[in-house]
1. Starting from 0.36 nm per residue, how many nanometres of slack lie between B:R344 and B:E199 once their C-alpha separation is accounted for?
2. May I ask for the distance between the Cα centers of segment B:307-333 and segment B:157-218, given as a whole number of Å?
3. Expressed as an acute angle from 0 to 90° and rounded to the nearest 10, what is the orientation of the C-alpha long axis of helix B:2-13 relative to the principal long axis of chain B?
4. Please arrange A:R87, A:R199 by how many other C-beta atoms lie within 10 Å of their C-beta, fewest to most.
5. Just to verify a number: FRET efficiency for B:D61 and B:D87, C-beta to C-beta distance, R0 = 30 Å, to 0.05?
6. Roughly how crowded by other chains is peptide A:204-214, in terms of the mean Cβ count from those chains within 10 Å of each of its Cβ atoms?
7. Would you calculate the separation in nanometres between label points at B:R149 and A:A15, each defined as 7 Å from the Cα along the Cα-to-beta-carbon direction?
8. Could you tally the net charge around B:A120, taking each other residue with its Cβ under 13 Å from the Cβ of B:A120, Lys/Arg +1 and Asp/Glu -1?
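Each value in this text was obtained by applying a stated rule to the coordinates, not by laboratory testing. Keep in mind that what you see is a predicted model, and the values were worked out from it rather than measured. No Cβ is skipped: glycine too gets one built from the backbone with ideal geometry, and neighbour counts run over all protein chains shown.
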Amino acid sequence: MTALDPKKLFKRLAADIPAKLHRHTVIVGSLAAAYHFRGRLQRRAVNTKDADIVVHPAGDVRSCRDMAEHLLAEGWVRTDNCYPSPRAQPTSRLRAIRLHPKRSREYFIELLALPRRGQSKPLLWTPVRLSDGWYGMPSYRFMRLTAMGRNRSKEGLEYASPAMMALANLLSHPELGRQRMSQSIAGRHILRAAKDLGRVLALAWLAGPEAMATWPEEWRKALEASFPASWRRLSKRVGSGLRHLLDDDRALEEAHFTTTVGLLSGLAVTQDNLRVVAEQLEQDVLIPAAIGGSSR
Amino acid sequence: MAREIEGRVAAALRDFVSAPEGAPYDLENPDGKRVIELKTGLQGVRDLDAAVLGLSKVLADQRGIHQAYLVVDLPRVTDDRLRAEWDSLHRVVRPDVMRRLTLIAVGRESPWVSRDEPVARRIATVADAVLRPARLVRVEERSAPQPSRRFFEVFKLLLNGWLLRSGPVSTRYLMERTGFSYPTIADALRRLRQSGEIEGGRKRSVVLRAFPRQTWSELLVLSRSIRGTQLFADGTGRRPDPVDLLRRLRKAKPYGLALGGIVAARHWDPRFDLNGLPRLDVCVSRDDQALLRVGLVPAKGPSTSPVLASHLVERADPLFVPDPKGALPYADPVETLLDLHELRLVDQADQLIERLRARHTR
């Protein structure tokens, strides 16, 4: 993990990504959250390893290819795990496009694809051909939500709203499962669900009750637009993973751990504090959201 | 009790008699040139200052009084503190007034007098002798049959009526509003008669004679335990935000909860003089804290800043006043005053009493 200044990083990305491609990109993840809450974080640097960039519209392979080629031409370097494949299939063998900036290994950007409407699988890989071979762009089913209600930064790049990032993470983990992060965080291989649900709690803590009061309606609109056939069912299950987390002390400890080394680093937020935040989220957001799904 | 003490001091001094009804002091000598004011039940130097300033005004208005003796019962204030306070008052009150004012403090190892002269020493000796057993009686009454929570509920109802000038009330009224039995009501009224704080009205109704300082002082001391006050902190670890908590409570509208403290004070007095909201106070009519628990945890230790204080109102009728705008109701004026005292907003509390009485003048 590296401490990075979100504002400076946004500025750098805005300069390095071709201007004509800005409108096809949305910053998501910890960098987007750190930028949005930079006031509350008192401009502390964010502990993150990567800047996730979602390329849209869905299926827009060309923009992704143009962006990757341009960055490589500007001197960005593939990470050690990023190398081409001679063929487009099988997609399971394709590597994601991850690039370091020139002369720095502090962080990397990863290009993600906006999922198409109707994607039912949690993860799909879209082949992308660069000059040296085939790569893959992962598209996570619920990442589609991050394109809704985007915010525009002063630097000109768009980024996902905390409400949508929280919703996407909640829906991605209706249960805790067993998958662990391949990359360690401060020496620990954290449960994937704990990391993502911990992110939800960090976003809720930073947003505060007043901002969260608008989340149920924002969620309803985004779900209805993104998943017209299944949004009611999704509304009802949106909190199930979080409830499992609260029932599992070990998973909750891991979730808390990721926040202390990530977004909430240095803010002395305890595990008990996060539990109370979860209760607030349940009362103020999850229950109204589930009711909203039932009543319409 | 106060009249009894006054009578015994007058009898012991012989050259002082009870002052006429409505006089701003208790005792005077026949030519009216010397007067005595007896102040028992003071809590501290703040009350002392108020008593001195009150008597100073009398001396400023009535030049015929050559010497006024203010007798106070302040066992917890040291002689050094008394001396310092007395000296500081000299900087505030005109010299010609202070020259005619003598402070006598009893209820200590030996009485303290601000001016060592024969009359002052004699008054000090007599007052100390009279008040010492009276204090013991009060202590005994407290340690044996201490005023109960129910007594104070009856008292609060009467005080509420006095503040709002709603007139004498019947025993039946008190039984219905409190939910207590006749013997409980009768005991409470008997206690208030003994302290001289209530008087009878028509058809066996009762009303407070004046602002009931003695019982009010007792209630202030016991307030936290009587009201079952519980303090809550923001359990999320975020900075306390009472304004946001108020917004959430108004949106949630939990049953059996009314807004007290500064929010209620602003309702009762639109000119209430305080900016901001340091803490939210609520009254709850049942001991069900679940409605408060989302986001709140019991405040632990003096270093934790409570964002909310909840107080239990154990009466059949909690006297919650509906908000015309339909949000949460407000607590009654007495609960509001108790909250203000707990917040150390004593001046604002005194002002609220004056304004309530002025607004409800018939």
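1. Working: separation 145, 0.36 × 145 = 52.20 nm, distance 3.10 nm.
Extending this stretch completely gives an extra 49.1 nm.
2. 21 Å
3. 10 degrees
4. Numbers: A:R87 11, A:R199 24.
Ranked by crowding around the Cβ, least crowded first: A:R87, A:R199.
5. Numbers: r = 25 Å, r/R0 = 0.82.
Result of the calculation: an efficiency of 0.75.
6. On the way: counts 1, 3, 1, 0, 5, 11, 5, 0, 0, 4, 0.
Per residue, the number of nearby Cβ atoms from other chains is 3 on average.
7. 6.8 nm
8. Working: positive: B:R34, B:R100, B:R115, B:R121, B:R122; negative: B:D116, B:E117, B:D128.
Around B:A120, the surrounding residues sum to +2.
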